[in-house]
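In what follows, a structure is listed as C-alpha cells, so that the remarks can point back to it.
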Amino acid sequence: MRIDYTNGWYQGDVNSAGEYHGQGELHKGNASYKGGFCNGQYDGYGELVANDGSKYYGHFINGVLSGKGHYISANYEYQGDFSRGMPNGQGTLKTSQFTYTGQVCEGNMHGYGEVNYTNGTTIRGYFANNKANGRCTYRCYDYEATG
C-alpha cells in the first residue's frame, strides 16, 4: 500500500488500523526509513537516514535503537550494541582523533577497553565517563607504563 503525505510518503504493509506494520519504506521531510514496522513504530532491522545526514543501520524495538547497529554521523562512527536509543554494551567508536573498542555505557567509554589515538598513543584498561580510570596500560610510541 502507498500513502502520500504533503511532505513525504509511505510504501509498504499496514495493519487493520492503518498503521505501518510489516516491511515498508517511509520518507518524511528530509528523513527516510526502510525496514520493519510494528503498529506504526520502527521495529526489527531497518535503515534510517536522519535530517542531519546521520545514518543508522540496525535493530529497533518500539521505535528505539536497540540491539546490534551501526551509526554514522559527521563527527563519529559507532558499531556495536544499542539500548534505550544509545550506545550501550560492547562496541567500537571511531572519531578523527581515536578508535575505541570496548565497553560503552550511554554513549561513553565506560568499562574495559582500548583507545588507539592517531598520534600512536594507546591506552588499555578501565574507563569511566570517557576517561582512563583505575589500572591501565599507556603506550606512547616506544614508552610503556602501567599504573
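Annotations
- Amide hydrogen proximity for PHE127: with H placed 1.01 Å from N in the peptide plane, the residues at 5 or more positions away or on another chain lying under 5 Å are GLY111, TYR112, GLY113, ASN133.
- Chain lengthening between THR6 and TYR112 when straightened (0.36 nm per residue, less Cα-Cα): 33.3 nm
- Only protein atoms count toward the accessible area here, which uses a 1.4 Å probe; on the chain, the carbon and sulfur part of that area reaches 48 percent.
- The convex hull of the Cα atoms of the stretch 1-145, projected and averaged over all directions, covers 9.1 nm².
- With every protein chain in place and a 1.4 angstrom probe, the accessible-area ranking of LYS94, LYS131, largest first, reads LYS131, LYS94.
- Those lysines that a straight Cα-Cα span of less than 23 Å connects to LYS94, excepting residues fewer than 8 apart in one chain: LYS55, LYS68, LYS131
The values are calculated or read from the model by the stated rules, or taken from the named source; none is laboratory data. Note that the coordinates shown come from a computational prediction; the quantities given were computed from them, not determined experimentally. Accessible surface is based on the protein model in full, side chains and every heavy atom, while ligands, DNA and RNA are left aside. Shrake-Rupley method; radii C 1.70, N 1.55, O 1.52, S 1.80 Å.
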